[in-house]
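Read the structure below first, then the notes.
Any read-out appearing in this document is the output of simple, stated calculations on the displayed coordinates, not a laboratory observation. Since we're looking at a predicted model, the values are computed, not measured. Here the Cβ positions follow ideal geometry from the backbone for every residue, glycine too, while neighbour counts run over all protein chains shown.
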Amino acid sequence: MPSDNVLEDALDLLSAISDRARLKILWAMRDGQELCVCDVSHVLATTISTASHHLRKLRDLKVLKTRNDGKWMYYSLRSGLAGDVVADLIKSVRGFRG
């Protein structure tokens, strides 16, 4: 049986991908891309405020890390695991739907 810490990390990842907008963000970052809030806003076709909300949630879930560059903050995946899970999930769903 996995430890409680491992199970908690798995739940955090599932929570991160349980929302369409957050799934899109993780898909956009799956290959190591680093995005600012304005990039994410464009990916989601939404406001910067909404994009910021989703980025904050992903950061709180410890899925994303941040890097400051002057006035800009860039977001990227904390590890490749989330990108791999999202890519495998999308690939599986596409195969399932035929």
### Query
Inside segment 61-91, can you point out the residues that are touching a helix residue (DSSP H, G or I) at 6+ places or on another chain (Cβ under 7 Å) and in a loop (DSSP other than H, G, I, E, B)?
LEU61, LYS62, VAL63
### Message
Considering only residues that are of a type in the set (Ser, Thr, Tyr) and surrounded by 14 or more Cβ atoms within 10 Å (Cβ to Cβ), which ones fall in segment 61-95?
### Response
TYR74, TYR75, SER76
### Summary
Here, helices (runs of 4 or more DSSP H) confined to segment 1-60 with at least 2 residues that are more than 12 Å from the chain's Cα centre (by Cα) and surrounded by fewer than 17 Cβ atoms within 10 Å (Cβ to Cβ) are 4-17, 37-44, 48-60
### Query
Within segment 29-60, can you find the residues that are under 18 Å from GLY83 (Cβ atoms) and charged (D, E, K, R)?
ARG30, ASP31, GLU34, ASP39, LYS57, ARG59
### Message
Anything in segment 18-52 that is among the β-branched types (Val, Ile, Thr) and within 15 Å of SER79 (Cα to Cα)? List them, or say none.
### Response
ILE25
### Task
Please go through segment 50-98 and pick out each residue that is more than 15 Å from ILE25 (Cβ to Cβ), among the charged types (D, E, K, R) and free of Cβ contacts under 8 Å to residues at least 24 places away in the same chain.
ASP69, LYS71, ASP88, LYS91, ARG94, ARG97
### Task
Hey, can you tell me all the residues within segment 69-98 that are of a type in the set (Lys, Arg) and more than 19 Å from VAL43 (Cβ to Cβ)?
LYS71, LYS91, ARG94, ARG97
